[in-house]
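Chemist: One structure, as structure tokens, below. Some questions next.
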Amino acid sequence: MNKIALSPNSLVGVPPLEYIDALTRAGYDGVGLRMYASPGVNYESVTQPIAGNPPLMREVKSALASSGLLLLDMLSYYIRPNFALQRMLPSLEFGAELGFAYALAIADDPDWNRQRDNFAALCDAAAALKLNVSLEAPVGQNTVNTLPLALKLLADSGRSNAVICLDPFHFWRTGHDPTMLKSQDPRLFPYTQIDDGVDTDGPPPRGRREIGKGNVPLFDILDALPADLPLSIEWGRPAGSSYTAAEWAAIALQATRSCVEEYQSAC
């Protein structure tokens, strides 16, 4: 059975302690936690910083220790022209202290060589802390907007602690076929996001739908990825909704479990 975590993009702006409590109450297996607010990323600026706030750091550490949650990934480390590794280090260090497995990176620099070098530098900093870097890919609106480009960035950087965190919705919208995943090294796909939607443009959530209710071929994608890999739900609250964090966490988990159970019964 796949372990199921929640991406913090599903509950943007929820304070970390409330967020952790919501996941624990809902019965999640794992957690993704926003640890770093990348400059210029609007939805990240509403997040309460954790690193550098000792009282909050102690509370987060205690809450996670008592939650029993698998510490999956910490977000988000953007590789853009304004990349500043020194600014990222405190959050990486605290995430490593907590026991997170992955630092999630997003590559969006039009200068390929600079992007490669900065991605490699992030991987080196993470490796020194015994962390892996997962590159979210593809992300349609960013520079690395196809899976081949993401794989090229990993190959060009040459870092053994770099992996891919697949975004199925963007993978499908890009026009990729799930069969292309079967020829890849399984080591590069230790976990995946799980999201769904329809092919419409516009502001976020860009046609997002309940997991299993959109047009993304999730069953074919899961067939092509390593069996039983952890899943990180990315499905945000509808705009204007009044769901609490705890309510939405439970709704997202139940929908995803239903989808996964349907997939497993069809295998």
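The values are calculated or read from the model by the stated rules, or taken from the named source; none is laboratory data. All of these numbers come straight from a predicted model, not from anything done at the bench. All Cβ positions, glycine included, derive from the backbone under ideal geometry; neighbour counts span all protein chains shown. Heavy atoms of the whole protein, side chains included, go into the accessibility calculation; ligands, DNA and RNA do not. Shrake-Rupley method; radii C 1.70, N 1.55, O 1.52, S 1.80 Å.
Chemist: Which residue, TYR77, LEU11, SER62, has the largest displacement toward the positive end of the dipole of region 6-101 when charges sit on each Cβ (Lys, Arg +1; Asp, Glu -1)?
Modeler: Looking along the dipole axis, the top candidate is TYR77.
Chemist: Name the residues whose placed amide hydrogens come within less than 5 Å of the amide hydrogen of THR146, ignoring near sequence neighbours (fewer than 5 apart) on the same chain.
Modeler: When sequence neighbours closer than 5 places are left aside, the close amide H contacts are VAL139.
Chemist: Arranged from highest to lowest average of other beta-carbon atoms within 10 Å per residue, in what order do the peptides 184-195, 100-111 appear?
Modeler: Output ranking for 184-195, 100-111: 100-111, 184-195.
Chemist: Give me, ordered by chain and number, the residues 5 or more places off ASP196 or on other chains with an amide H under 5 Å from its own placed amide H.
Modeler: Answer set, sorted by chain and number: ARG209.
Chemist: Tell me, what is the per residue accessible area of region 56-170 in Å², probe radius 1.4 Å?
Modeler: Value for region 56-170: 37 Å² per residue.
Chemist: Related question: Using the Karplus curve 6.51 cos²θ - 1.76 cosθ + 1.60 with θ = phi - 60°, what ³J(HN,Hα) values do you get for each residue of region 74-88, in whole Hz, with x for Gly and Pro?
Modeler: Going residue by residue, I get 10, 10, 10, 10, 7, 9, 10, x, 8, 3, 9, 4, 4, 5, 7 Hz, with x marking Gly and Pro.
Chemist: Quick one: pull the percent of accessible area on the chain belonging to carbon and sulfur, 1.4 Å probe, ligands and nucleic acids left out.
Modeler: Of the solvent-accessible surface of the chain, carbon and sulfur hold 50 percent.
Chemist: Relative contact order, percent, of the chain when contacts are C-alpha pairs under 8 Å separated by at least 6 residues?
Modeler: 20
Chemist: In Å and whole numbers, how far do the C-alpha atoms of the chain stretch along each principal axis, longest first?
Modeler: 46, 40, 34
Chemist: Mind checking which of CYS267, ALA120, VAL139 is farthest towards the positive end of the chain's charge dipole, using Cβ charges of +1 (Lys, Arg) and -1 (Asp, Glu) about the Cα centre?
Modeler: Checking the options against the dipole of the chain, the answer is ALA120.
Chemist: Separate question: How much mean residue ellipticity at 222 nm does the chain get from its helices, if each DSSP H run of length 4 or more adds -39500 (n - 2.57) and you divide by all residues, to the nearest 500 deg cm²/dmol?
Modeler: Calculated from helices alone, the mean residue ellipticity at 222 nm is -12000 deg cm²/dmol.
Chemist: Per residue of region 32-38, what does 6.51 cos²θ - 1.76 cosθ + 1.60 with θ = phi - 60° give for ³J(HN,Hα)? Whole Hz please, x for Gly and Pro, Karplus curve as stated.
Modeler: Working through the residues one at a time gives x, 10, 6, 10, 9, 9, 5 Hz.
Chemist: Sequence-distant or interchain residues sharing an amide H contact under 5 Å with MET74, placed H: which?
Modeler: Residues meeting the criterion, in which the H sits 1.01 Å from N, are LEU33, TYR102, ALA103, LEU104.
Chemist: Whole-Hz Karplus ³J(HN,Hα) for region 106-119, in order, using 6.51 cos²θ - 1.76 cosθ + 1.60 and θ = phi - 60°, x for Gly and Pro?
Modeler: Result, rounded to whole Hz: 10, 9, 8, 10, x, 8, 4, 5, 5, 4, 4, 5, 6, 5.
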